[in-house]
Amino acid sequence: MKGFAMLSIGKVGWIEKEKPAPGPFDAIVRPLAVAPCTSDIHTVFEGAIGERHNMILGHEAVGEVVEVGSEVKDFKPGDRVVVPAITPDWRTSEVQRGYHQHSGGMLAGWKFSNVKDGVFGEFFHVNDADMNLAHLPKEIPLEAAVMIPDMMTTGFHGAELADIQMGSSVVVIGIGAVGLMGIAGAKLRGAGRIIGVGSRPICVEAAKFYGATDILNYKNGHIVDQVMKLTNGKGVDRVIMAGGGSETLSQAVSMVKPGGIISNINYHGSGDALLIPRVEWGCGMAHKTIKGGLCPGGRLRMERLIDLVFYKRVDPSKLVTHVFRGFDNIEKAFMLMKDKPKDLIKPVVILA
Ligand code: NDP
Ligand code: ZN
């Protein structure tokens, strides 16, 4: 089978591989729709998680089951499924501690396009199918469904980690697809004022659609000053970090109120350290909490997100600005994600 792969740091291309085979609990899935992620760009072009050779990329897919292992109970060939970006080993102590994303080691629940071939192949392997796949209702179009495995779960996790309360004021730094779902998640959790930070007009429009009450452009001056001006010098209750570079942590610490929470879902792909500004952190005594997390995966998470789309609590299709058809266009979609033209939020490739 063929797949679009990371050949080495900085290099991508098409390769041929053996079609994977399922273990007793696993499934083999054929992708029906895939999307490239900014994380793939960090992985390939920044070498953010180290060298990888001939690893098929991609971790955002919905697909059709083509083969299952002997112990798989709930899925059979022909089923349409949502495949989470994070497919943990559920029989691990990290899962028992409540952190399935780190099953088997830090970030090790993230397998596709990290430690094994991803979803940009003609077929891909899913470990523990009963625990990691979710049935896709026929009413949800593929373009919307493929925003569930990563964009929705990540953005919503930003809102969850931030522990948004009814009426909380929130800044969402970065309004690409991930930050936009952070805004949608914050709104669903009852946030009051939601200030989005970004510059591309298409993202600004989408941010308002998903619930931003104010928009700040980081190109128009220091964002801490802009937030303080908007909030009469008080700052905000919560900050979700979903874009920008390492400087955004100090900015978040500076704009969150004492007792506030900073929730990072951004993938910091370069540099050795993130800075916490001493004075703005109350010399360590401001009760400002900093959290950061990999998106939740697994079956139940996907089923819950599917319900949010099915029952029209959120419409992720607004994220999808470019739709391609055919396997060969995966490369084009991937390069768009690298170049981020002004009219792009998220490209999708339909393979059905
Ligand atoms: P995008 O590149 O589409 O969006 C980034 C956003 O950040 C844009 O709105 C951009 O503004 C804004 N931005 C850029 N520079 C700054 C700055 N200096 N200050 C403030 N804002 C800035 O990325 P995605 O939405 O696709 O992904 C966001 C991050 O989430 C990535 O790092 C990705 O790897 C990560 N991620 C993390 C996951 C997790 O599990 N935690 C899962 C999936 C993704 P502009 O409008 O100018 O472009
Ligand atoms: Zn991703």
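Laboratory data are not the source of any read-out in this text; all were calculated from the coordinates shown. What you see is a predicted model, and the numbers here were worked out from it, not measured in a lab. Neighbour counts are summed over all protein chains in view; Cβ atoms, including those assigned to glycine, are modelled from backbone coordinates with ideal geometry.
Is it the case, given these coordinates, that residue 129 is over 25 Å from residue 263 (Cα atoms), in contact (Cβ under 8 Å) with a residue 12 or more places away in the chain and touching a Ser or Thr at 6+ places or on another chain (Cβ under 6 Å)? Even if it seems obvious, please write down each step before you answer.
Working: over 25 Å from residue 263 (Cα atoms): yes; in contact (Cβ under 8 Å) with a residue 12 or more places away in the chain: yes; touching a Ser or Thr at 6+ places or on another chain (Cβ under 6 Å): no.
Here the answer is no, as residue 129 does not meet what is asked.
Residue 249 satisfies every condition listed in (1) touching a residue at least 40 places away in the same chain (Cβ under 8 Å); (2) within 19 Å of residue 196 (Cβ to Cβ); (3) in a loop (DSSP other than H, G, I, E, B) except (3). Residue-level analysis places residue 67 outside the set of residues that are under 18 Å from the mean Cα position of the chain (by Cα), of a type in the set (D, E, K, R) and either crowded, with 18+ Cβ neighbours inside 10 Å or within 14 Å of ligand 2 (Cβ to nearest atom) (or both). Considering only residues in region 139-163 that are in a loop (DSSP other than H, G, I, E, B) and under 10 Å from residue 263 (Cα atoms), the one that is nearest to ligand 2 (Cβ to nearest atom) turns out to be 162. Of all the residues in region 269-283, those that are free of Cβ contacts under 8 Å to residues at least 40 places away in the same chain, over 16 Å from residue 234 (Cβ atoms) and part of a loop (DSSP other than H, G, I, E, B) number 10. Among the residues of region 308-329, write down those that are buried (at least 18 other Cβ atoms within 10 Å of the Cβ) and assigned to a loop (DSSP other than H, G, I, E, B). Hit for region 308-329 is 314, nothing else.
Suppose we filter region 330-352 for residues that are out of contact with any Leu (no Cβ under 9 Å at 6 or more places or on another chain) and assigned to a helix (DSSP H, G or I); how many remain? Break it down into steps so the answer makes sense when it comes.
As a first pass, look at region 330-352 and keep what is out of contact with any Leu (no Cβ under 9 Å at 6 or more places or on another chain): 331-333, 335, 338-343, 349.
Keeping just the survivors that are assigned to a helix (DSSP H, G or I) gives 331-333, 335, 338-339.
Adding up the residues that qualify gives 6.
Here residue 286 fits the description: part of a loop (DSSP other than H, G, I, E, B), in contact with a Pro (Cβ under 9 Å, 6 or more places away or on another chain) and either among the charged types (D, E, K, R) or free of Cβ contacts under 8 Å to residues at least 40 places away in the same chain (or both). In region 161-172, the residue that is nearest to residue 291 (Cα to Cα) out of those that are surrounded by fewer than 24 Cβ atoms within 10 Å (Cβ to Cβ) and not small (Gly, Ala, Ser) is 161. Just wondering, is there one or more residues in region 258-267 that are outside any strand (DSSP E or B), without any contact (Cβ under 8 Å) to a residue 60 or more places away in the chain, touching a Lys or Arg at 6+ places or on another chain (Cβ under 8 Å) and of a type outside the set (Lys, Arg)? No, there is no match, as no residue in region 258-267 is outside any strand (DSSP E or B), without any contact (Cβ under 8 Å) to a residue 60 or more places away in the chain, touching a Lys or Arg at 6+ places or on another chain (Cβ under 8 Å) and of a type outside the set (Lys, Arg). When restricted to residues that are under 16 Å from the mean Cα position of the chain (by Cα), farther than 19 Å from residue 34 by Cβ and surrounded by fewer than 23 Cβ atoms within 10 Å (Cβ to Cβ), region 105-128 contains 2. Pairing residues of region 210-235 that are under 16 Å from residue 253 (Cα atoms) and free of Cβ contacts under 8 Å to residues at least 40 places away in the same chain with residues that are more than 10 Å from ligand 1 (Cβ to nearest atom) and assigned to a loop (DSSP other than H, G, I, E, B), at Cβ distances under 9 Å and at least 6 apart in sequence or on separate chains, gives 224/235; 224/280; 228/234; 228/235; 234/169; 235/169.
Among the listed residues 216, 249, 230, identify the single one that is away from ligand 1 (no atom under 13 Å from the Cβ) and among the hydrophobic types (A, V, I, L, M, F, W, C). Spell out the reasoning first.
Numbers: 216 fails: away from ligand 1 (no atom under 13 Å from the Cβ); 249 fails: away from ligand 1 (no atom under 13 Å from the Cβ).
Answer to the check: 230.
Would you call residue 175 part of a loop (DSSP other than H, G, I, E, B), of a type outside the set (D, E, K, R) and crowded, with 24+ Cβ neighbours inside 10 Å? Judged against the criteria, residue 175 is a match. Only one of the listed residues (9, 41, 86) is under 18 Å from residue 120 (Cβ atoms), more than 16 Å from ligand 2 (Cβ to nearest atom) and touching a helix residue (DSSP H, G or I) at 6+ places or on another chain (Cβ under 8 Å). That residue is 9.
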